[in-house]
Amino acid sequence: MDPVLKEIYSLVLPAAPYVLAAYGILWIGLFGYVTVVLRRLGKIEAELRIVEEALARRA
Amino acid sequence: MAMDRNRLTFAAVVVGGLLTTVAFVLAFFVAAPVLANNTLTAGGGALIGGKLITNPVLFSQKIFFFHVPVAITSFVIFFFTAFYGVRFLMTKDKRFDTKARIATEITLVFVALTMITGDIWTRYEWGTWWVWEPRLTTYFIMMMLVIVYFVLRASIEDEERRAVYASAFGILAFLDAPLSFAITRIVPSGAHPVVLRAGGGLDAVQLGGFLIGLAGMLCFGYAIYQLRIREETAKERLEVLKASLEG
């Protein structure tokens, strides 16, 4: 490889896939956290609706 | 009103997801890498994409497209810990304590992300995992204060006392956030770069990517906060209804 290009890319290529993967994982992790919160909320609100209906029937 | 807020929260999740996706693509696949200040030791230069490159290219600079928006979001959300702490101490309304607790919880998520993404930066940029320099140290202290906030809450049984102590601690802990933000300007000799400054040398794509990432992260922060508030409110109501169902 051309020595100039080798020096330019030496700072780019070795790190690039790892940095990209690390940031991708963290970014997906944040999406995952939002999804977990959404699912948990959905469950609690569903349970809340059941209890409210039970109370309404009793009334 | 609640319906509008739910729609806004859902919109924030979608917009946050879209904007952070665009920022990620811009950062890693579109924006040009930042050129190092030093010229090539091999001499001369090379034509890349029709442009003569005479400096080494720093891929590691790209991490600030994600790292800085996450860090700024952590400061913004931590502000609400202090804000609702003050509101609680003024009114003794339990809702404000819940809001402060949730804000701190989300701060911890963004602080953890900042620390991990920052460490990746440190490793590639400075060749080491950690440096005890002013920005890193003040941010590390902020992380410790956020953790201590939860330790403090867990150690006090009485609900009223717990809320008062946590509010006071949250307000004091937040004082570290502006210090950590400004420390690179107060102590400019530190190793951490001052990212947000006039004439920062970013081109339109780089600046655009950064601002889109910041807007996306703030949307995510807002959405997670609102979702957690909804969850807590639903939990409290569920407990009350269950008690009346059993009673």
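The values are calculated or read from the model by the stated rules, or taken from the named source; none is laboratory data. Because the structure is predicted, anything quoted here is derived from the model rather than measured. Because the Cβ atoms are built from the backbone with ideal geometry, glycine has one as well, and the counts that use them run over all protein chains shown.
Observations
- If you filter segment B:214-247 down to residues that are within 17 Å of B:T117 (Cβ to Cβ) and in contact with a Ser or Thr (Cβ under 6 Å, 6 or more places away or on another chain), you find that the one that is farthest from the other protein chains (Cβ to nearest Cβ) is B:L218.
- Some residue of segment B:9-27 being at pLDDT below 75, more than 9 Å from chain A (Cβ to nearest Cβ) and surrounded by fewer than 13 Cβ atoms within 10 Å (Cβ to Cβ): no
- Top-ranked residue in segment B:97-114 [being buried (at least 19 other Cβ atoms within 10 Å of the Cβ) and without any contact (Cβ under 8 Å) to a residue 40 or more places away in the chain; ranked as farthest from B:T138 (Cα to Cα)]: B:T107
- Applying a threshold of 7 Å to beta carbon distances and a minimum spacing of six or more residues, or different chains, the list of pairs starting in segment B:171-188 at a residue that is touching a residue at least 24 places away in the same chain (Cβ under 8 Å) and of a type in the set (F, W, Y) and ending at one that is in a helix (DSSP H, G or I) and surrounded by fewer than 18 Cβ atoms within 10 Å (Cβ to Cβ) reads B:F174/B:F79.
- Among residues of segment A:32-44 that are under 11 Å from B:L227 (Cα atoms), those with a beta-carbon under 8 Å from a residue that is of a type in the set (V, I, T) and surrounded by 15 or more Cβ atoms within 10 Å (Cβ to Cβ) at least six positions away or on a different chain give the pairs A:V34/B:V13; A:V34/B:I224; A:V37/B:I224; A:L38/B:V13.
- Scanning segment B:123-170 for residues that are at pLDDT 95 or above, surrounded by 12 or more Cβ atoms within 10 Å (Cβ to Cβ), more than 20 Å from the chain's Cα centre (by Cα) and hydroxyl-bearing (S, T, Y) yields B:Y165, B:S167.
- So A:A54, is it farther than 30 Å from B:V22 by Cβ, at pLDDT below 90 and of a type outside the set (D, E, K, R): yes
- Residue, surrounded by the most Cβ atoms within 10 Å (Cβ to Cβ), within segment B:46-73, restricted to residues that are modelled with pLDDT of 75 or more and more than 10 Å from chain A (Cβ to nearest Cβ): B:P69
- Within segment B:202-247, considering residues that are part of a loop (DSSP other than H, G, I, E, B) and free of Cβ contacts under 8 Å to residues at least 40 places away in the same chain, the one nearest to B:A12 (Cα to Cα): B:L202
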